[in-house]
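Student: Sharing a structure, written as structure tokens. Questions coming.
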Amino acid sequence: VSPHEPGSPELPWAPPGVGHLRATEPFPVAARRALGDTQLRRTIGNATATIRTKRASVVGEVPDWEALRVAGQAIKNRTMRDLDRHLEQLEERVVERGGAVHWARDATEANAIVTGLVRAAGAHEVIKVKSMATMEIGLNEALESAGITPYETDLAELIIQLGHDAPSHILVPAIHRNRAEIREIFLREMKDVDPALTDDPAALAEAARLYLRRRFLSAEVAISGANFAIAETGTLVVVESEGNGRMCLTLPNTLITVMGIEKLLPTWRDLEVFLQLLPRSSTGERMNPYTTMWTGVTPGDGPQNFHLVLLDNGRTATLADEYGREALNCIRCSACLNVCPVYERTGGHAYGSVYPGPIGAVLSPQLTGIEDNASLPYASTLCGACFDACPVRIDIPSMLVHLRDAHVRSMQERSRIPTSEAAAMKAVAWSMATPVRWRWAQRLSRIGRIISRLMGTPGRITWLPAPLSRWTAARDAPVPPTETFGQFWARTRGSQP
Amino acid sequence: VRIALFATCLVDSLYPDVGKATVALLERLGHEVAFPPGQTCCGQMHINSGYQDAALPLVRRFADTFAGYDAIVAPSGSCVGSVRHQHAMVARRGEDDRLAERSERIASRTYELSELLVDVLGVEDVGSYFPHRVTYHPTCHSLRILRVGDRPLRLLRNVRGMELIELPDADQCCGFGGTFALKNADTSTAMLTDKMRAVLDTHAEVCTAGDSSCLMHIGGGLSRLRSGVRTVHLAEILASTEETG
């Protein structure tokens, strides 16, 4: 690998063995299991349909929505062009205002930095704001193995943590749980919970509130992610719905923020565009209930120690890929998950990464290197619904096609013996390369007529050999005609070469 | 207008009636149709499966075959989508900038059937007669890559004798996705089931669309269930007249 290729020592991918970016089994295998879970199908189908409807209605009322999307895309593209400069400016401003900045090459480094900071603060427990970056690097596991107890305070993340479960959606991590299951988890895992707890949403929220209130009041250290960071001012921004995030961001004495380097915006004005795009795309609200912004440390107000951990973990390697770098423009709204027909049926666990759905299918394989998430770019029909929903116009379908190509190339580089698929694709392309070969290949397809006759199913084919058996398992195949269109044309309109 | 028909590999090999219907329709409207003999496939299956290198000769062949025509029509939103949005990209990645420019010029003259009829030929009533209860599935690539919008529906609404029923959740993918149907057969089947449920809910006797590939998928499922609903390509409905039935 040359020094400027992604995945080189200078531009490392996210390392294996730490964090949650790698699937342990191929997508089709995990998807098959999920598709058999009828309760999961119903729960996710209902939830995504509800958010889809809400999003469509609040997006529909913005007359300049398309212009906002274009602006969001342009700002992100411009930011990525000079990311190094903006990051250094951010560091300078944060330090000027009394914060400390740490650079983490990967998940292992970030976990070590955060664990060290918590220890230095003398804390044995921390409260956490909902954060994808800390889920990505497996921070909770790292803290626990260092004897520090992390408490998730976002309601859905709390359900996940208490249920010893993994998130399955970016915005709604517990989307795969219905309220009866949540009640069971609370009864099992929360000490002092009222045994008469019902599955009424208000009662469940109240139980979580009582459980969390003690943590908010006693915690010395909070850990958060960030939705945005403004380079020109050094300001960090977290948007949320519950207010639990704001409790974490304001009550403890020490605040540690772990932020992917791509979350940056150059100027304060840029935020205007994203604070319109994000809530409408994610929760389907005109405005999110809580927007917390802070710049360094304010004496006598809020946390008196602020640490910003800037996380790479494969992002620079992604940035180096001209066709794939747009995935870094993602603002984690989840709109693409909610409109994706594949996600809607399999749920998020099938993707095996904290980033599921269409954006996960392009982001995870780029952060880890394509070989470690090779099945994800194929987990899409390329229907295009994700692109239409994306608030920053990430062309996910084209990126999936690019990653499939990258995967095929990587396979070819690693082995001189082609896969059966590669051999079949080559054979088909060869037969289509000239009209003469093409006529012969079409003649071969008449085997289908024989199969139809042999199987006693005139007019349809109900069985084909592998791998086409995967088609005929649930669908009939058409019987090839006695005459192709080309032959018809030659017969009726004149000769053909 | 001298129109070249790009039959597509699927219609040429498996659905010749769709090609015949496209020709019959355009000739009925008074246009000359040519079928350039060198044509094979747009290469979309290779491109979307990750084999852009293998697709490059097909992209070149398409450009060589259709360079001389004013308008190129294909009875497929998906294949036209590939010509318009992928061919130049494949050429550029294969480091053939001249081919990329040629591909772009040809793509600008390549139309899906409903686009050709409504935008180029300026007709919405093509004088068809099709006395059946029909529902229309707007295929993903027609809808979201080509943005054909309601052009097919405008054509269908003018068909005499036909009852057009709106398909619930019409913009949802049927689950075909080329090799997706094989690589992720279980997920594909789950999506197909929901599409078939929507089709059956309409009580239509015919499901139509502008792509033989999606129709092969939906029709394959409906046939397996012996549902009694058949799939008919948009071109075949528009080609039908009182004389042909």
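Where a number appears in this text, it was derived from the coordinates with a stated rule and is not lab data. Quantities reported herein were computed from a predicted structural model and do not represent experimental measurements. As a convention, Cβ positions derive from the backbone with ideal geometry for all residues, glycine included, and neighbour counts pool all protein chains shown.
Student: Once you put a point 7 Å from the Cα of B:ARG197 and another 7 Å from the Cα of A:TYR323, both along the Cβ direction, what distance in nm separates them?
Tutor: Output for this residue pair reads 3.7 nm.
Student: Now a separate question. Under 19 Å from a label point 7 Å along Cα→Cβ of A:LEU468: give me every residue in the range A:386-429 with its amide N that close.
Tutor: Only A:420-429 fall inside the zone, counting backbone N under 19 Å.
Student: Still on this structure, please answer the following. Over the range B:1-123, consider all pairs of different Cα atoms and compute the Kirkwood hydrodynamic radius from their mean reciprocal separation; express it in Å, one decimal.
Tutor: 14.4 Å
Student: Turning to a different aspect of this structure: Given labels modelled 7 Å from the Cα in the Cβ direction, how far is it in nm from A:ARG437 to A:GLU125?
Tutor: 6.9 nm
Student: Using a 10 Å cut-off around each Cβ of peptide A:333-345, what is the average number of partner chain Cβ atoms that fall inside?
Tutor: The mean count of partner-chain Cβ atoms within 10 Å per residue comes to 3.
Student: Find the Cα radius of gyration of the range A:287-330, compare it with 2.2 N^0.38 Å by division, and give the number to two decimals.
Tutor: Ratio of Cα Rg to 2.2 N^0.38 Å: 1.78.
Student: Once each part is reduced to its C-alpha centroid, what is the distance from the range A:30-63 to the range A:341-369 in angstrom?
Tutor: Spelled out, the Cα-based centre of one part sits 15 Å from the other.
Student: Still on this structure, I have one more. Mind checking which of B:LEU116, A:PRO15, B:GLN52 is farthest towards the positive end of the protein assembly as shown's charge dipole, using Cβ charges of +1 (Lys, Arg) and -1 (Asp, Glu) about the Cα centre?
Tutor: Among B:LEU116, A:PRO15, B:GLN52, the one farthest towards the positive end of the dipole of the protein assembly as shown is B:LEU116.
Student: Testing the spin-label approximation: label points 7 Å from Cα along Cα→Cβ at A:ARG493 and A:SER415. State their distance in nm.
Tutor: 4.5 nm
Student: Oh, and also: Give the total of Lys-Lys pairs in the protein assembly as shown with Cα-Cα distances below 22 Å; include a pair only if its members are 8 or more places apart or on different chains.
Tutor: Going through the protein assembly as shown pair by pair, I get 6.
Student: Let me ask something else. What's the long-distance tail for the range A:221-312, i.e. % of Cα pairs beyond 17 Å?
Tutor: Percent of Cα pairs beyond 17 Å in the range A:221-312: 49.
Student: Hey, another quick one. Charges only on Cβ, +1 for Lys and Arg, -1 for Asp and Glu: so what's the dipole of chain A about the Cα centre, in debye to the nearest 20?
Tutor: In total the dipole reaches around 2700 debye.
Student: Do the sum for the protein assembly as shown: with -39,500 (n - 2.57) for every DSSP H run of n ≥ 4, divided by all residues, what is the mean residue ellipticity at 222 nm, to the nearest 500 deg cm²/dmol?
Tutor: -14000 deg cm²/dmol, from helical runs alone.
Student: Something else: Taking every residue in B:167-180, how many Cβ atoms of other protein chains lie within 10 Å of its Cβ, on average?
Tutor: The mean count of partner-chain Cβ atoms within 10 Å per residue comes to 4.
Student: Just need the relative contact order of chain A here, percent rounded to a whole number, with Cα pairs under 8 Å and 6+ apart.
Tutor: 21 percent
Student: Could you sort the peptides A:409-420, A:215-226, A:366-377 by per-residue average Cβ neighbour count (10 Å cutoff), highest mean leading?
Tutor: A:366-377, A:215-226, A:409-420
Student: Express the Stokes-Einstein translational diffusion coefficient of the protein assembly as shown in µm² s⁻¹, to the nearest whole number, given a Kirkwood radius over alpha-carbon pairs, 20 °C and a viscosity of 1.002 mPa s.
Tutor: Roughly 77 µm²/s, to the nearest whole number.
Student: Related question: Going by average Cβ neighbours within 10 Å, how do the peptides A:71-83, A:440-452, A:244-256 rank, with the highest at the top?
Tutor: For the peptides A:71-83, A:440-452, A:244-256, the packing ranking is A:244-256, A:71-83, A:440-452.
Student: Based on Cβ point charges of +1 for Lys and Arg and -1 for Asp and Glu, what charge dipole magnitude is obtained for the range A:87-184 about its Cα centre, in debye rounded to the nearest 20?
Tutor: Here the range A:87-184 has a charge dipole of around 260 debye.
Student: Could you list the residues of the range B:53-91 with an amide nitrogen less than 18 Å from a label point located 7 Å from the Cα of B:VAL123 in the Cα-to-C-beta direction?
Tutor: Residues B:71-76 fall inside that zone.
Student: Averaged across the residues of A:450-460, what count of C-beta atoms belonging to other chains lies within 10 Å of each residue's C-beta?
Tutor: So the per-residue partner count for this stretch is 1.
Student: May I ask for the Rg/Rh ratio of the range A:375-459, computed from Cα atoms with Rh as the Kirkwood radius, given to two decimals?
Tutor: Radius of gyration relative to Kirkwood radius: 1.14.
Student: What are the trypsin sites (Lys or Arg not before Pro) within the range B:195-245 that DSSP puts in a loop, where the Cβ has at most 13 other Cβ atoms within 10 Å?
Tutor: B:ARG226
Student: Could you let me know the centre-to-centre spacing of the range A:395-441 and the range B:43-93, using Cα atoms, in angstrom?
Tutor: If we compute the Cα centre of each part, the gap is 15 Å.
Student: I need the phi-derived Karplus couplings for the range A:286-298: 6.51 cos²θ - 1.76 cosθ + 1.60, θ = phi - 60°, integer Hz, Gly and Pro marked x.
Tutor: Computed from phi, the couplings for the range A:286-298 are 5, 8, 6, x, 10, 10, 10, 10, 8, 10, x, 10, 10 Hz.
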